[in-house]
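Below you'll find the structure, written out as structure tokens, and then a few comments.
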Amino acid sequence: MPSPAAPPQQIATRSMTRDSVSQGKVAVFLIADSLHTSLAVPYDWLLENGYVPPRGLTFPRGPTRYVVMSWGDRVAYVQRRWLRLDEVVHALFMPSDSVTEIIPISWKVEEVCYQQRIYRKEIPLEQGRALASFLNSSNRMDESGSPRIIGSSTWGQGFLLDSNYSYYFPRICNVWTGQSLEACGLKISIQSAISANGLIRQAQKQGFVLVHQGVESSQFGRNAGKLAQP
């Protein structure tokens with residue numbers, strides 16, 4: 001996901017905000033560019049349901065505490081350059097190491113990730129335990145029982161975490177996002193979740209609503225979103 005410009009953040013952080021929890025539900029955001037998807041999830045909700053965070057995760061000042069999380073091929077996340085053709089082929093068709101990226105944010109998701117399409121749905125609070133369990137299972141723990149950190153995130157002040165899962169086609173980034181949504185209580189056809197737009201179409205049919213179209217001039221924004229209408 002491309003690096004956004006950080007908005008002003010002047011309000012002190014508090015745990016769970018009133019607008020993020022409503023009538024026994026919590027707001028979860030599905031974020032997408034033309035190829036890749038990620039989730040933004042209330043951090044304290046995850047903690048309350050047993051999520052084990054990496055050591056040293058700190059939040060900027062702001063009115064909310066969300067983490068933006070995604071998963072993918074380790075080389076693609078770590079090296080910070082376009083993959084060579086042989087690296088693309090290896091990543092897609094040979095089981096390769098992977099990472100989970102976790103990025104703390106303390107502002108409106110639509111403003112932090114302003115370039116992307118963003119969809120929102122309120123998820124029952126009781127789904128937090130299943131989601132936290134899935135996210136914990138994605139991470140390889142160190143000797144202290146915390147997720148093993150292998151590097152800094154591609155943007156923001158987060159981390160890349162060593163993952164238990166191998167990356168290969170068809171088990172690619174959007175499938176991991178689809179499995180996270182399954183833990184949130186959605187019914188996802190994994191075969192139809194390989195592409196970002198395929199996953200989004202399923203999410204929209206189950207209550208995810210487009211709340212931000214993305215920057216019009218960006219390849220990640222509303223032009224890509226035309227392909228994902230239900």
³J(HN,Hα) across the range 123-134 via Karplus (A = 6.51, B = -1.76, C = 1.60, θ = phi - 60°), whole Hz, x for Gly/Pro? 9, x, 4, 5, 6, x, 5, 5, 5, 4, 5, 5
What spacing in nm lies between the two simple spin-label points modelled at Val211 and Glu48, each 7 Å away from Cα in the Cβ direction? 1.7
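Restricting attention to the range 123-225, which trypsin sites (Lys or Arg not before Pro) occupy a DSSP loop and are surrounded by at most 11 other Cβ atoms within 10 Å?
When the trypsin sites (Lys or Arg not before Pro) of the range 123-225 are filtered for loop state and at most 11 Cβ neighbours within 10 Å, Lys187 remain.
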What distance in nm separates the two pseudo spin-label positions at Ser133 and Gln23, each 7 Å out from Cα along the beta-carbon direction? 2.8
Taking the Cβ of Gly207 as the centre, find all other residues whose Cβ is under 12 Å away and add up their charges (Lys, Arg: +1; Asp, Glu: -1). +4
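Subtracting the Cα-Cα distance from 0.36 nm times the residue separation, let me have the gained length for Glu126 to Thr58 in nm, one decimal. Please report the intermediate quantities before stating the final value.
Details: separation 68, 0.36 × 68 = 24.48 nm, distance 2.56 nm.
Full extension of this stretch gives 21.9 nm more.
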In whole Hz, with x marking every Gly and Pro, tabulate ³J(HN,Hα) for the range 147-160 from phi via Karplus 6.51 cos²θ - 1.76 cosθ + 1.60, θ = phi - 60°. x, 7, 8, 10, x, 8, 5, 6, 8, x, 10, x, 9, 9
Which far-off residues, 5 or more places away or on another chain, put their amide H under 5 Å from the one on Trp107, with H placed in the peptide plane? Thr64, Tyr66
On a C-alpha basis, how far is the centre of the range 24-66 from the centre of the range 118-167 in Å? Whole number, if you could? 9
Distance in nm between Lys187 and Glu111 label points, each 7 Å along Cα→Cβ, equals 3.9
With θ taken as phi - 60° and the coefficients 6.51, -1.76 and 1.60, list the Karplus ³J(HN,Hα) couplings across the range 161-169 in order, rounded to whole Hz; mark glycine and proline as x. 10, 4, 9, 6, 8, 8, 9, 5, 6
If the chain between Met141 and Gln79 were fully extended at 0.36 nm per residue, the gain over the current Cα-Cα distance would be 20.1 nm
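Every number in this text was worked out from the coordinates using simple rules, so none of it is lab data. Bear in mind the structure is a predicted one, so any value in this text is a computation, not a measurement. For neighbour counting, all protein chains shown are included, and Cβ atoms are generated from backbone atoms with ideal geometry for every residue, glycine included.
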